[in-house]
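Okay, structure first, notes after.
Nothing in this text is a laboratory measurement; each read-out follows from the coordinates by a stated rule. Since this is a predicted model, take the numbers as computed values, not measurements. Please note: Cβ atoms are built from the backbone with ideal geometry, for glycine as well, and neighbour counts cover all protein chains shown.
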Amino acid sequence: MSEYPNVYRIPVSTAFSVSFDGFHGKVAHSQSTGDTVYEHHLDAHRIFITLDGQTSATIAEVDQLPTVRRPDRPGVVTVVPAGVRRRVLLRDADFLILVMTVSDSFLQLCGEDGAGRASEAPPIVQNVHNEWLLRAAQTFHTAGMSNAPTMQMQTLAFAMIRHLARSPQRISENGGLDPIALVRVLELMQDRLADDLTLTELAAEAGLGVSAFGRAFSKNIGTSPYRYFAALRMQRATELLLDGHQSLAAIAGEIGYADQAHFTAAFTRHAGTSPGKWRAEFGTVPEFLPISRKTPSRPAV
């Protein structure tokens, strides 16, 4: 993160905190304008669950892993194992977050009854949405604010750690992505139309290797991630063209093309005519996404 000018701690105010053997949890509010940079590097495992609010941007780097660029929103979960150095930039932060610091001894306690694989060191997780953990963290927050007994807080903490330890089934019975993973991937594509989104980032969002992800995505959608992402960009381009308020160069930048020439070439391949001619001749949005009929609605969780 050589582009980050300074490194300093993110300003937080703690709503409450609780500690017992091998575990420390706190709910804190953070609010800052502009870019705030900090770093994880502890000898204990740390788990972050966003309860409310958001950042306009979050950029995180871990050595040997792709850079993650996803804003913090309610339900976003990050797990940083002990000893991992993770560098983070938060932009325009205003959110409430549960932070849990967990030792190996606490993981061992979680695994003693055979539930999941909680006695093992957790894998790194970066800005992945988990609705179950959001609800559990909200319950933990409510209990902590009402000075709940230590046993109740321990029970909730054990439940969250055990949930994290379970390996979710990411491939459905028909060989495609499971519905929740698919929705996350499609949302990431929509959020990142202007970016140079990589197959590695999409696969990480689904929790799969690149090859397995590509096969599973194609099984769901009927085309490759690359073709689907290009079609999403063209669909957005037609909406902007119909709006009529932006230049072709501005539209190109909004959907991730380096310049107007690259956008014009891509649009012409899809539509059979240039974007300028299309805007002059057409009054309706063409169907660039026949595959969208297979796009699932958000599943109930």
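With 0.36 nm allotted per residue and the present C-alpha distance subtracted, the Glu254-Asp191 stretch has 21.5 nm of extension available.
The Thr33 and Asn174 beta-carbon pair, evaluated with R₀ = 35 Å, returns a calculated FRET efficiency of approximately 0.15.
Using the average count of surrounding beta-carbon atoms within 10 Å as a protection proxy, the listed peptides 262-272, 46-56 rank, highest first, as 46-56, 262-272.
With the highest mean first, a sort of the peptides 200-209, 242-251 on other beta-carbon atoms found within 10 angstrom per residue produces 200-209, 242-251.
When each of the peptides 71-83, 219-231 is scored by how many other beta carbons lie within 10 Å of its residues on average, the order from highest to lowest is 71-83, 219-231. Full extension of the chain between Thr155 and Glu131 gives 6.8 nm of extra length, using 0.36 nm per residue less the Cα-Cα distance. The length gained by stretching the chain between Thr14 and Ala265 to full extension, at 0.36 nm per residue less their Cα-Cα distance, is 85.1 nm. Computed from the C-beta positions of Arg91 and Ser218 and an R0 of 22 Å, the FRET efficiency is 0.05 to the nearest 0.05.
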